[in-house]
1. Step by step: first the residues of region 330-387, then only those that are without any contact (Cβ under 8 Å) to a residue 60 or more places away in the chain and among the polar types (S, T, N, Q), then the one that is surrounded by the most Cβ atoms within 10 Å (Cβ to Cβ). Which residue is that?
2. Residue 357 - would you say it is part of a helix (DSSP H, G or I), among the small types (Gly, Ala, Ser) and at pLDDT below 85?
3. Scan region 300-312 for residues that are surrounded by 10 or more Cβ atoms within 10 Å (Cβ to Cβ) and assigned to a helix (DSSP H, G or I) and jot them down.
4. Under 7 Å between Cβ atoms, at least 6 apart or on separate chains: pull out the pairs that start in region 236-265 with a residue that is without any contact (Cβ under 8 Å) to a residue 40 or more places away in the chain and end on any residue that is assigned to a loop (DSSP other than H, G, I, E, B) and surrounded by 13 or more Cβ atoms within 10 Å (Cβ to Cβ).
5. Suppose the filter is more than 30 Å from residue 281 (Cβ to Cβ), among the small types (Gly, Ala, Ser) and either at pLDDT below 85 or open to solvent by 80 Å² or more (accessible area, probe 1.4 Å) (or both); does residue 317 pass it?
6. For region 32-106, give me every one of the strands (runs of 3 or more DSSP E) that falls completely inside it and has 2 or more residues that are out of contact with any helix residue (DSSP H, G or I) (no Cβ under 9 Å at 6 or more places or on another chain) and crowded, with 22+ Cβ neighbours inside 10 Å.
7. If I ask for residues that are among the polar types (S, T, N, Q) and either open to solvent by 80 Å² or more (accessible area, probe 1.4 Å) or modelled with pLDDT under 90 (or both), which ones from region 238-265 would you list?
8. Taking the residues in region 158-171 that are touching a residue at least 60 places away in the same chain (Cβ under 8 Å) and farther than 19 Å from residue 122 by Cβ as candidates, determine which candidate is most open to solvent (accessible area, probe 1.4 Å).
Amino acid sequence: MLMILLFHIVLSLHANVAFSSHCTTKTASKTFERCTTLPTQQASLAWSFHPHNATLDLAFFGSFISPSGWVGWGINPISPEMTGTRALITFPDPNSGQIVLLPYILDPTVKLQKNSLLSRPLDIHVLSSSVTLYGGRMATIYDGATIQIYTTLKVPTNKTKIHFVWNRGLYVQGYSPTLHPTTLNDLSSIITIDVLSGTSAKSSTDPRTLKIVHGILNAISWGILLPIGVVTARYLRHIQAIGPTWFYAHAGIQILAVFLGTVGFSIGIKLGELSPGRVFGLHRKLAFAAFCLGWLQTLALLFRPKTTHKFRKYWKSYHHFVGYACVLLGVINVFQGFEIMGEDTSYAKLAYCLYLSTLLGVCIALEVNSWVIFCRRSKEEKLRREGIFGDTYDKGSASITRG
């Protein structure tokens, strides 16, 4: 069951970052020299680079996710990130309904959502730009409509590696595009391409791989191993045949879970540094709480009093409360992670729900069995005590009679 769950998680997350469309060098109005399929949002890019005058002809192909949404594409002249991007964004004019294409500069205040995104002239040399809906002038915007943004610009001399950024959103307020979705797919729309050779390189700050590793590690540690460790301690400790083996199994599973969870937590901190304008408040708070409780549980093993110590019962109460709280927070945060990564309807989430349902069913069966055994042993103990008293009385009576 565990291997099946991991397979579905990896497969589902990988599907999100896989290329999902094919590029083309031919459009209705122009033919380009090269093209590439962009890694997210079913987008692609075609271009022709002219070294003799350092001009670049581009065609960006994207799609709307809402009839009132926007699609944008741009270049970051400094680094491969959203902040600092010089973008051309297209959307339906709120007054006429016609498609418009306006320039925007994505400064840090916009990313931190301190200011609205307002159109202003670009400080890069754009020679021409235009936008076309796939299907010509008679085409209309609908969910999934394809858009083509054409641009010709001058690039700095001897600079052929260009940082491209693209994205899309659900709606526009006036002429101000609103924040795009923040799923894994939407936060990974950055690529660096050498327009002369056609080669591309993943950005060093591209968090896509880190997010996949972060999600998998935390799902395994907080969402899978910790609950198994709790079940091991609760239902195996009463089996006398295995002796103290249950304790070593319980401690080993929990220590492994906390170790993997710490690695996943550290990656999450790094992801936060890479995206200072994207703070998932609830997910972050739950992660900190689970991390602290997990290490409190681990360190509590060093102060575990002996069974005969008078503080043993207080330690057990603390250990149970913190342990169950840690498991509960971890499971809730796994579901938060599915939501953040856009996996709400994925097979990975379905597999995890099946795992939890199976584990819950096993726990119910073991709990019922434990109570049955407890009641049977209590009854046998009672009968044994009564039997001992009866035998003693009978032996005493027989002695008196013989005397």
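The values are calculated or read from the model by the stated rules, or taken from the named source; none is laboratory data. Small disclaimer: the values here were computed from a predicted structure and weren't measured. Cβ coordinates were reconstructed from backbone atoms using ideal geometry, including for glycine residues, and neighbour counts include every protein chain displayed. The protein model used for the area step is the full one, side chains on, heavy atoms only, and it has no ligands, DNA or RNA in it. Shrake-Rupley method; radii C 1.70, N 1.55, O 1.52, S 1.80 Å.
1. Among residues in region 330-387 that are without any contact (Cβ under 8 Å) to a residue 60 or more places away in the chain and among the polar types (S, T, N, Q), the one surrounded by the most Cβ atoms within 10 Å (Cβ to Cβ) is 336.
2. Numbers: part of a helix (DSSP H, G or I): yes; among the small types (Gly, Ala, Ser): yes; at pLDDT below 85: no.
Spelling it out, it is not the case that residue 357 is part of a helix (DSSP H, G or I), among the small types (Gly, Ala, Ser) and at pLDDT below 85.
3. First pass over region 300-312, keeping only residues surrounded by 10 or more Cβ atoms within 10 Å (Cβ to Cβ): 300-301, 304-305, 309, 311-312.
Within region 300-312, 300, 301, 312 qualify.
4. Every condition considered, the pairs that remain are 246/237.
5. Working: more than 30 Å from residue 281 (Cβ to Cβ): yes; among the small types (Gly, Ala, Ser): yes; either at pLDDT below 85 or open to solvent by 80 Å² or more (accessible area, probe 1.4 Å) (or both): no.
Here the answer is no, as residue 317 does not meet what is asked.
6. On the way: elements: 34-37, 44-50, 55-63, 70-76, 86-92, 99-105.
Output list reads 44-50, 55-63, 70-76, 86-92.
7. Going through region 238-265, the residues among the polar types (S, T, N, Q) turn out to be 240, 245, 254, 262.
Hits for region 238-265 are 240, 245.
8. Here is the first cut: in region 158-171, the residues touching a residue at least 60 places away in the same chain (Cβ under 8 Å) are 160, 162-171.
From what's left, farther than 19 Å from residue 122 by Cβ: 160, 168-171.
Details: 160: 30, 168: 33, 169: 0, 170: 84, 171: 109 Å².
Across region 158-171, the extreme among qualifying residues is 171.
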